[in-house]
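J.: Here it is: the structure, laid out below.
Computed from the coordinates by the stated procedures, all read-outs in this text should not be read as laboratory data. Everything quoted here is computed from the prediction, not taken from an experiment. Cβ coordinates were reconstructed from backbone atoms using ideal geometry, including for glycine residues, and neighbour counts include every protein chain displayed.
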Amino acid sequence: MAVRLAVALLLALPAASQAFVQGPSTHELPQRSSSAGRFLSRSPFQVEVPQLPEVDAAPRSWLASVLGLGAALGLVAGLALPAPSRALTAEQYSQLTYNQVKGSGLANRCPTVESQGSSVPVKSGAKLTNMCFEPKSWAVEAQTDKGTEFVTTKLLTRQTYTLAFINGELSPNPITFKEDDGIHTLPTTVQLPDGEYVPFLFSVKSLVAKGEGSEFKPGFTWGGEFEVPSYRTGAFLDPKGRGMYSGYDQAVALPALQADGKEGQEELFKETNKVFDIGKGAIEMEVNKVNA
C-alpha cells in the first residue's frame, strides 16, 4: 500500500545547534581565550596499539595457527578503524589541521558549548555568526494504517546534511534574528519503514526567528519561519524526459489516456505536471547552554 506523505517534517535537534553572538564593531582587538593552545598535541583520533604479552613459541597445530592469525588480523582491523567523531568546541576546531578533519566525520558535526556563564546580552547592531544545525533524528508525517502520524525514518544522506556558517543581523527587545548568509539549504533523503525514499531540502533559508527578552540564557525559547525551495528546479528532467521548461510534455505511453478527454485525466495530469514551489517551514529552538 502506497504511503501518502504530508508536507510536515519533524526534526529532533537536541544539543545540535550552536552559534556565536558578535557585538557591534569596535576598534579593540578581540582577546583570545587563555585556554588557547592547550588542545591535544596529537590527533584526537590516534589510537595507541597495546603491546601483546610474549608467549612461548612452542609447536602448535595448524588449527591453532589459523585461529591465532585470525585473532591477530581482527585486532589489527579493529585498531585501524577510525574512532567515532566526537563534538569539539569552536576553539578546538580552529586548531585542527585539514588532515585531522578529513575522513573523521567532524566536518558534519556542530561545535559543542562548554557552559561558563549565565547569559549573553544582545545589543543593538549585534550579529549572530557561525550558527549551526545538526539534526539527530528525522521523522516524517505520513498516512499509515493508524492514520496520520510521525514515523521514524532512516537517514540515507551521509555526512552532508548539517547546516553551518549561518550569519545574520540580531536585534533586542524582542530578540530578532534575520538570516542572510551561510550554508542554509542542503538536499537530504530519508527512508520510511516500508522502504519508500523521501527526498527534501533541509533548509533555514531567510529564517526570521524571534523570542521575548534581550539576552540569551538557558531556557530561552525562540523561533520563526523560513523558506523551503523546491527540491527540483524547473530544468530538471524525469526518467521519461518530462520537465517544466524543457523536455517532453508527457510520456510516450500515456497519450491514449486522454483520447476521450475523460478517463485517466487525473492520472495523466499528476504524472506530467511539473511545478517549482517555494514552501514555508517553521522552527522552534531553546537555549541549553551559554559560554559567556
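J.: If amide H atoms are built 1.01 Å from N in the plane of the peptide, which residues on other chains or at least 5 residues away come under 5 Å of the amide H of A126?
T.: Residues meeting the amide H criterion: L170.
J.: Using 0.36 nm per residue, how much length does the chain from S206 to R86 gain when fully extended, once their Cα-Cα distance is taken away?
T.: Residue separation times 0.36 nm, minus the Cα-Cα distance, leaves 40.2 nm.
J.: Follow-up. Label points 7 Å out from Cα along the Cβ direction at Q100 and A292: separation in nm?
T.: Once both label points are built, they end up 2.4 nm from each other.
J.: Which far-off residues, 5 or more places away or on another chain, put their amide H under 5 Å from the one on F236, with H placed in the peptide plane?
T.: M244
J.: Based on the Cβ-Cβ distance from A235 to T185, what FRET efficiency comes out when R0 is 22 Å, to the nearest 0.05?
T.: So the FRET efficiency works out to roughly 0.80.
J.: Can you figure out the FRET efficiency of E225 with N108, using R₀ = 22 Å and their beta-carbon distance, to the nearest 0.05?
T.: 0.30
J.: Could you pull out the pairs from K154/K205; K102/K136; K136/K289; K205/K240; K136/K217 whose alpha carbons sit more than 29 Å apart here?
T.: K205/K240
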